[in-house]
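Down below is the structure, laid out as structure tokens.
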Amino acid sequence: MRVKWIIKYIILTGLLFPLLMMIGWSITSGWSWPSLIPQGFTFRAYSYVLEPTTGVFKILINSMILSIVVTALTLLVSIPAARAIAFYDFKGKSVVKVLILLPLIVPMLTVAMGVHLRFIQVGLANTFWGVVLIHVIPGIPYGVKILLNVFELNGNKIETHARILGASPLQVIRYVTLPLITPGLIIAGSIIYIASFSQYFITFLIGGGRIVTYAMFLFPFVESGDRTMASALSIVFILSITLVLFITEKIVGNFYEKSSRYYV
Amino acid sequence: MRKKIKPYIMLIPVMVFILGIFIVGIVSGLLQSFGYFPAIGLKTLTLQYYKDVLSSPSFIRALRFSFSTSFISSLVAVVLGVLFSYLLLYDRRRKGGPLVNIYKVPIIVPHTIAALLIFILFTQSGWVARLMYHLGFIEDMKYFKPLIFDRQGLGVIMAYVWKGLPFITLVTFDILRSVENKYAKTAANLGANHFQVFWYILLPLILPTVASGFIIIFAFSFGAFEIPYLLGPSTPKALPILSYIHYNSVNLADRPYAMVINMCIALCGFITVGLYVLTFQFIKKYNNQ
């Protein structure tokens, strides 16, 4: 029993200790060899990130907007696709399923380099929408698969009942389907948002350096080994993701509660 | 009739992305890898680029480096991830314990930051080197054998394990719990010990999930740019980096070389999935007999 306990905490330490080190680096004013703990304390790196004149904060906001657009678009195309697979039998269903899961296997590097020239030809390269479109691809397998599970679990009986009782198609969507799939939407949306917000390579390739996301801004700091700045930027990165996930859950949770209060 | 067409209509939006961007990207890359690149006047199909790439020593070294780092890191992540999942299972009596959620933090941390964490810990002036110094193992940082930028790719492996382990735990934990509820107690009742319960009951039942988790992290690490770029050695280079160097070359005629490498990366993913499917078909047949 003791051994189990020890192994568990060794793994947990391995996962969390590096993050602790990063927090230490982000708030130190000097941490020279061979000290094991930070020597001075300062918030200078954070004030650089949050000060309006440096423009970092603006990049952060723009980046969040981009990833929110990506998430909304991905979910929007995933919902009907998941419904079609869950509730209909049609020719080529297995091919469709494979096609949708394929982005998990074929790296985005291959896809982005291949499609780059087309994007240049149609004027999508180096634009906001070009980056959005390429970010949607890796999210599709997660969006469709998670929503497919939700639809298969719930079935479409409740929706049929609502229709029989005289609800219009729009009412069914608003009062039945949406509340039913909300938990799935939150999970899928979170994964898609995190994946999009973290993309470095494909943003850099398709955005051509013109579209600067926060992940792209962070990269050179890590590359040059600037531990203090890179750590502070990273912590803001992680906090911003946590904040967005938290707010989404709260807002959607409220909506969910309100709609289900009357109808369930 | 309407009923027949409806699912296809519902699939149109997703297919616009899958066929219009994803497949177009792969097919354009494939054509370019065979030397069909009308934008710079190359219009004849040839296998020359494949011959050139496959016979170049730098490609072979890169393939070996990418394969070994991806395979080792995915394997370690899967073994430790399942083990951790199993250990967490017996933790649930203390409900709401922080353990159950706090291990998920690395999942929301991007690969760039994972690389930074490994850098902070394992560089020559990093924390581990300092610890070694205080414990008296080394006299100065220059004696610390760097674990990053090394030829074996230890830093790359550590970063991928750090990212992959909690992912595997996340995907196996729920299924492990439901399987455990159903069968483990029965087995234990019949006299199986902890190891037997795990090895003969739990593991076979969660194996499909574990295997698909392995494929996802393996295929990802095989084709990802960030971590080998930030933590890998300058030689051998990982495949994605080698590909990008060809792609970014001033000479556009070098692009087919990048596409050949990209196709090899994609092919390795397909081979892994093929092995997965074959293995499970084999197991099914074997069990039915």
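The values are calculated or read from the model by the stated rules, or taken from the named source; none is laboratory data. Keep in mind that what you see is a predicted model, and the values were worked out from it rather than measured. Every residue, glycine among them, receives a Cβ derived from its backbone with ideal geometry; neighbour counts consider all protein chains shown.
Structural remarks
- When B:238, B:224 are checked against the criterion of being at pLDDT 90 or above and more than 30 Å from residue B:174 (Cβ to Cβ), a single residue qualifies: B:238.
- Of all residues in the stretch B:109-158, those satisfying the criterion of being in contact (Cβ under 8 Å) with a residue 60 or more places away in the chain and among the aromatic types (Phe, Trp, Tyr) are B:119, B:149.
- Meets criteria (at the interface with another protein chain (Cβ under 10 Å from one of its Cβ atoms), surrounded by fewer than 20 Cβ atoms within 10 Å (Cβ to Cβ) and not basic (Lys, Arg)) for residue A:223: yes
- Residues considered: B:135, B:117, B:154. Of these, the only one that is at the interface with chain A (Cβ under 9 Å from one of its Cβ atoms) and either out of contact with any Asp or Glu (no Cβ under 8 Å at 6 or more places or on another chain) or crowded, with 21+ Cβ neighbours inside 10 Å (or both) is B:117.
- Comparison of A:168, A:190 shows that the only residue that is assigned by TED's automatic domain parsing to the domain that holds residue A:96, within 18 Å of the chain's Cα centre (by Cα) and hydroxyl-bearing (Ser, Thr, Tyr) is A:190.
- Residue count for the stretch B:224-257, restricted to those that are of a type outside the set (Ser, Thr, Tyr), crowded, with 23+ Cβ neighbours inside 10 Å and over 25 Å from residue B:123 (Cα atoms): 2
- Of the helices (runs of 4 or more DSSP H) that lie entirely inside the stretch A:98-215, those containing 1 or more residues that are more than 14 Å from chain B (Cβ to nearest Cβ) span A:128-154, A:157-164, A:169-172, A:178-198, A:201-207.
- Residue within the stretch B:66-76 that is at the interface with another protein chain (Cβ under 7 Å from one of its Cβ atoms) and either more than 23 Å from residue A:195 (Cβ to Cβ) or surrounded by 13 or more Cβ atoms within 10 Å (Cβ to Cβ) (or both) present: no
- The set of residues in the stretch A:1-49 being over 24 Å from residue A:225 (Cα atoms) and at the interface with chain B (Cβ under 7 Å from one of its Cβ atoms) consists of A:4, A:7, A:8, A:11, A:12.
- Answer from B:26, B:9, B:21 - the residue that is out of contact with any His (no Cβ under 9 Å at 6 or more places or on another chain), without any contact (Cβ under 8 Å) to a residue 12 or more places away in the chain and either away from chain A (no Cβ under 11 Å) or surrounded by 13 or more Cβ atoms within 10 Å (Cβ to Cβ) (or both): B:21
- Counting the residues of the stretch A:229-245 that are among the polar types (S, T, N, Q), surrounded by fewer than 20 Cβ atoms within 10 Å (Cβ to Cβ) and in contact (Cβ under 8 Å) with a residue 24 or more places away in the chain gives 1.
- Considered as a group, the residues in the stretch B:29-49 that are over 25 Å from residue A:104 (Cα atoms) and part of a helix (DSSP H, G or I) include one that is nearest to the other protein chains (Cβ to nearest Cβ), and that residue is B:39.
- Where a residue in the stretch B:207-221 is polar (S, T, N, Q) and its partner, wherever it lies, is modelled with pLDDT under 95, with Cβ under 7 Å and at least six apart: B:209/B:171; B:209/B:172; B:209/B:175
- Only one entry of A:61, A:79 meets the criterion of being in the same structural domain as residue A:140 (by TED's automatic domain parsing), more than 30 Å from residue A:179 (Cβ to Cβ) and not polar (S, T, N, Q), and that entry is A:61.
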